[in-house]
Structures are given as C-alpha cells and as structure tokens.
Amino acid sequence: MFTLKDLPDAFTYLLNKYYPAYIKAPKQFAKKQEIKFDITTFYADEYLQLIDSSLTGFNNSHFEGNLSLSKNELNFTAEVPQFKYQQYNFEEVKIRATGKGDSLLLVGNIRDIDINDSLHFPFAVFKINARNDSSKVTITTGASQAVEKANLNALVLTYSDGAEIEFDSSNFTVNGKTWSIDETGVLKFRRNIPANGQLLLSEGEQKYC
C-alpha cells in the first residue's frame, strides 16, 4: 500500500536516518508506505537522454526491492550490464543495499570502470556502512596496466555543507610501485572553505605530503 505522490518523501524520510545532516526529513507525509518493485529494462538509453544527456546505458537492467516505513526497512538490488556518465564507463555493475533502522549497508562489484583510454579500474569491489552521517568505506580493485591494484579504506563524515574523509591504512600500486596512504590522512571539502587536509604518501624511502 502506498501513495504515489508521497513516494519521494518516503525515500527521503529513510535516507534522512542515514545522513541526517545532509538530507532533511520531510515535514509531513503519509507514513503508511509499503511498496515492492521488480523492474526489468529493455532499451532504456533513449529515455535516459531525455532526463540527462550525459547519462547513457542501463539497457537490459534489473532492479528489485522493497520499502517499508512501518518497519524502517529498505532493500534494493540492481544488476546493470553497462552505463556511462559523462566520460566514465561502468561495466557489469551489481549492487545490494539493506537499510534497517538508522543504518545502511551497501555492497557491490563492478567488472570494469573506464576513466579514459589509458586508465581503468578492473574488478572493483566496494562496501559502505552508513550510520548517523558516518560512512565506513572499503574499495578494492584488481590488476590493470595503469593501476595494478588498490585497497582503500576510509571514514567519510557528512555535513550539511560538505564532507570530510579520514583515511585508514590504504595502498595502491601504480606502474609496479606500491604506495601507502598513512592512517592519519585527512581531506576536508566544505562549502565556502578551500579544500584542505593532509595526506602522507610513501613508497619505500620516498614520502610525499
């Protein structure tokens, strides 16, 4: 049972539980929203162009899930063979999201992410644990000529005017060299304030800050 006009507010209501500083809860809406969906696309590319000319793909994709406000529950799965946003191309994307109470778990994998002709990230796996404006993020990628592998770990703090990234010990390999990111690394992106922070990169005897 759901009211179509209240669906956007229903999703906003749940997302506010995960990111209250960034996503404001609707002031009022019908709270008895229960919906299940199972959507398979065929040729969606031309329809997406009407929404955003920089977004293409999503043909033969499958989306399934449910939303229950009475249980504070959100479940979502997606399988997308290919899509492209601006110059970034994504192949074989699989995502699963589970929201319970005030926490959200998002996991997924992508067979290949093309940044440009010479740089791509194959076999990317990611996991995001979100709760009360804090997101524990883990990203790993496989081997390629440009970026052979990566293991990135960070805590992302969300604010109403931006975000802060606090790195845990991470590393990535470029051209046969493995670089480490110190666990004290911090990057801050806030509105009306220049991006700032400190990031220590090291590779053997080499250190850059």
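The values are calculated or read from the model by the stated rules, or taken from the named source; none is laboratory data. Remember, it's a predicted structure, so these values are computed and weren't measured experimentally. FYI the Cβ positions are ideal-geometry reconstructions off the backbone, even for glycines, and counts take in every protein chain you see. Note: accessible area is taken over every heavy atom of the protein model, side chains too, but ligands, DNA and RNA are not part of it. Shrake-Rupley method; radii C 1.70, N 1.55, O 1.52, S 1.80 Å.
Under the Karplus relation 6.51 cos²θ - 1.76 cosθ + 1.60, θ = phi - 60°, what is the ordered set of whole-Hz ³J(HN,Hα) values for the stretch 51-64, x standing for Gly and Pro?
Rounded to whole hertz, the list is 8, 8, 5, 8, 10, 9, x, 6, 6, 6, 9, 9, 10, 8.
Return, for the Cα atoms of the chain, the radius of gyration and Dmax in Å, separated by a comma.
Cα-based Rg and Dmax for the chain come out at 19.5, 62 Å.
Out of the total accessible area of the stretch 115-203 (probe 1.4 Å, heavy atoms of protein only), what percent is carbon and sulfur? Mind showing how you got there, number by number?
Working: 2810 of 5160 Å².
Reported share for carbon and sulfur atoms: 54 percent.
What FRET efficiency do you get for ASN75 and LEU55 if R0 is 30 Å and r is their Cβ-Cβ distance, rounded to the nearest 0.05? Mind dumping the intermediate values first?
On the way: r = 24 Å, r/R0 = 0.82.
Step by step, r from the Cβ atoms, then E = 0.75.
For the stretch 67-129, what does the convex hull of the Cα positions come to per residue, in cubic angstrom?
On the way: hull volume 5.3 nm³, N = 63.
Convex hull volume per residue, Cα atoms: 84 Å³.
If amide hydrogens are placed 1.01 Å from N in the peptide plane, which non-local residues have theirs closer than 5 Å to the one on GLY185?
Under 5 Å from the amide H of GLY185 lie the amide H atoms of PHE167, LEU200, each far enough along the sequence or on another chain.
Going by average Cβ density within 10 Å per residue, which order do the peptides 73-85, 190-202, 115-127 take, highest to lowest?
Working: 73-85: 16.6, 190-202: 11.2, 115-127: 14.5.
With the highest mean Cβ count within 10 Å placed first, the list reads 73-85, 115-127, 190-202.
Tell me which residues come under 5 Å, amide H to amide H, from SER170 once H is placed; ignore anything under 5 positions away on its chain.
HN-HN under 5 Å from SER170: ILE181.
If the convex hull of the alpha-carbon atoms of the stretch 137-209 is projected onto planes in all directions, what is the mean projected area in square nanometres? Intermediate values should be presented prior to the final figure.
Values: hull surface 21.5 nm².
Mean orientational projected area (the stretch 137-209, Cα hull): 5.4 nm².
Quick check on packing: order 175-182, 155-162 by the mean number of other C-beta atoms within 10 Å, highest mean leading.
Numbers: 175-182: 13.4, 155-162: 14.9.
Taking the mean over residues of other Cβ atoms within 10 Å, the ranking is 155-162, 175-182.
Before anything else, pin down the relative contact order of the chain: Cα pairs under 8 Å, at least 6 apart, normalised by residue count, whole percent.
Working: 533 pairs, mean separation 23.9, N = 209.
Over the chain, the number comes to 11 percent.
Show me 32-44, 56-68 ranked by packing, highest mean number of other Cβ atoms within 10 Å first.
Numbers: 32-44: 12.5, 56-68: 17.1.
Going by the mean number of other Cβ atoms within 10 Å, highest first, we get 56-68, 32-44.
Mind checking the per residue accessible area of the stretch 22-121 for me, 1.4 Å probe, whole number of Å²?
On the way: 6400 Å² over 100 residues.
With the other protein chains kept in place, the stretch 22-121 gives 64 Å² per residue.
With just the Cα atoms defining each centre, how far is the stretch 134-209 from the stretch 20-65? Give it in Å.
30
Under the Karplus relation 6.51 cos²θ - 1.76 cosθ + 1.60, θ = phi - 60°, what is the ordered set of whole-Hz ³J(HN,Hα) values for the stretch 118-134, x standing for Gly and Pro?
Once θ is set to phi - 60°, the couplings for the stretch 118-134 become 10, 10, 8, 10, x, 6, 7, 10, 9, 9, 10, 10, 10, 6, 6, 6, 10 Hz.
Need one number: nm distance between label points at PHE42 and ILE193, each 7 Å from Cα along Cα→Cβ, rounded to one decimal.
Calculated label separation equals 5.2 nm.
Expressed in nm to one decimal, what extension gain is obtained for the pair ASN132 and ARG111 from 0.36 nm per residue of sequence separation less their Cα-Cα distance?
On the way: separation 21, 0.36 × 21 = 7.56 nm, distance 3.05 nm.
So the extension gain works out to 4.5 nm.
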